[in-house]
Amino acid sequence: MKIDLNNGVFIEIGGELGKYNTLPIDILVKIAQDLQELVFTLAKHDLPSEEAIDISNFKIELAGFKKGSAVPKFAYTPRTENKTGLFWQVHRNTVNEKFDKLIEISNTGDYGKLVELYPEPIKRNPIVENLYSFVNGFRSAPVNFVDYDEVIEKTTPIYKINRFKPSVKKELISELKEITETEVESDEAVGKIKITKKAGKTQCRIIDYYSGKKFSLEYAPDVIVAGTIKYFLKHPLRCLFEKEDNYYIIQCEILGIIGTGLTEDETENSFAEEFDFVYKRLNSLDTASLTNHNLLIRNILIQIVEKVEE
Amino acid sequence: MSVLDPKKTYSNLKKKGFTSSTTKSVDHKHLEFFHNKKYILATKISHGNKDIENHLIKQMSFQCSLDKNEFIDLARCPLSKKDFIDILGKKGLLD
């Protein structure tokens, strides 16, 4: 780390701007304001977000002015009211390290390196803006961060400030898009799917779909085959068909008959076996032995079965 | 995902008043439940030692007019015969 805002940094401004060993007030104010904004921005983005930061601790002051062109000196404020919190010195050091790196980049003139230092646009954008404003605020004057020897009153260049081209700045600034959190809603639906087979490849396309709350898939046999017995029905028996977890269900609510299985065929056979059992069992019992519910089921079964073949 | 032991389930359902059906099959049997000499329902249970898996629990619970958790309680014991009859009564299945 070659420059230190704790002890003060000297900025040597040459050329037309510094040739009288003075600085116009407006230029001095602009340089000071740009420098201050840059330091504040570093403090906002480079310090741990979980720690309380008092931004006033990073105020800078004009701490001196030397001749030899114009050489203002800026340093962190020495005022005690701006040294608050447990870690003010640690935080100042951290910010100074980053400041040193930025000026080192300016010395190389390769501002593209800012992408490596600040990969996240949310941090990089404001730092690029403020560094651009600071390093280009000296107009065309040659500017160096220098070491100043008080004894011999001589400056030694540390970092040269190179111009920050607008085109490079433009490349470094990324557009930030506000991401709005959208609520994820999930629902189930049933639908019609068009299946196309071409050259051994199967493609499925949804033709239409309907809410799973109101509509369901159905299994509607008009012949039920249970082993060697065939039940021929007057009308298709409309049953619910669905998949739950890893198994299938065929369920006829009104008859209280259910078949389940790990495959569609297994489920269909299971349903047929149950249909066969319920049909035979209810018809084997006399009416007095049946509840109203089972009587209803038996009557429906008698009504819908046209014939039974064995 | 729960599984039930077939032998314990069979034994516990018998204790709750289920009786073996006269209908027989090679791979399964039906247990029937009567109340006041009226046939109420029947459920299918497999022969053998293979665990009663999720899809069969679903089938048996529907056949017993219970939800899955209630049926597991019935099969494992916490749900008593009286509780079971109360549930069936509330659903109008005993009339």
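The values are calculated or read from the model by the stated rules, or taken from the named source; none is laboratory data. Here the structure is a predicted model, which means the values were calculated and not measured. So basically every Cβ, Gly included, is an ideal-geometry build from the backbone, and we count neighbours across all protein chains shown.
Worth pointing out:
- Residues that are surrounded by 20 or more Cβ atoms within 10 Å (Cβ to Cβ), outside any helix (DSSP H, G or I) and within 10 Å of chain B (Cβ to nearest Cβ), drawn from region A:252-284: A:257, A:258, A:259, A:260
- Qualifying residue in region A:100-113 (condition: loosely packed, with under 15 Cβ neighbours inside 10 Å, out of contact with any His (no Cβ under 9 Å at 6 or more places or on another chain), under 19 Å from residue A:52 (Cβ atoms) and free of Cβ contacts under 8 Å to residues at least 40 places away in the same chain): no
- Residue within region B:32-47 that is part of a loop (DSSP other than H, G, I, E, B), within 10 Å of chain A (Cβ to nearest Cβ), charged (D, E, K, R) and closer than 20 Å to residue A:249 by Cα present: no
- Meets criteria (at pLDDT below 95, surrounded by fewer than 16 Cβ atoms within 10 Å (Cβ to Cβ), β-branched (Val, Ile, Thr) and under 16 Å from residue A:7 (Cα atoms)) for residue A:94: no
- Residues that are aromatic (Phe, Trp, Tyr) and either without any contact (Cβ under 8 Å) to a residue 60 or more places away in the chain or within 12 Å of another protein chain (Cβ to nearest Cβ) (or both) within region A:230-251 comprise A:241, A:247, A:248, listed in sequence order.
- Whichever residue in region B:49-94 is assigned to a loop (DSSP other than H, G, I, E, B) and in contact with a strand residue (DSSP E or B) (Cβ under 9 Å, 6 or more places away or on another chain) and, among such residues, is farthest from the other protein chains (Cβ to nearest Cβ): B:51
- Of the residues making up region A:214-222, at least one is away from chain B (no Cβ under 14 Å), farther than 29 Å from residue B:89 by Cβ, free of Cβ contacts under 8 Å to residues at least 12 places away in the same chain and not in a helix (DSSP H, G or I).
- Summed over region B:12-31, residues that are loosely packed, with under 13 Cβ neighbours inside 10 Å and not in a loop (DSSP other than H, G, I, E, B) total 4.
- Taking region A:26-82 as the range and being part of a loop (DSSP other than H, G, I, E, B) and over 28 Å from the mean Cα position of the chain (by Cα) as the test, the residues that pass are A:54, A:59, A:68, A:69, A:77, A:78, A:79.
- Here A:17, A:102 are screened, and the one residue that is hydrophobic (A, V, I, L, M, F, W, C), assigned to a helix (DSSP H, G or I) and within 37 Å of the chain's Cα centre (by Cα) is A:102.
- Selection status of residue A:142, at negative phi and over 32 Å from the mean Cα position of the chain (by Cα): yes
- Lone qualifier among A:192, A:83, A:177, A:123 - being more than 30 Å from residue A:69 (Cβ to Cβ) and surrounded by fewer than 10 Cβ atoms within 10 Å (Cβ to Cβ): A:177
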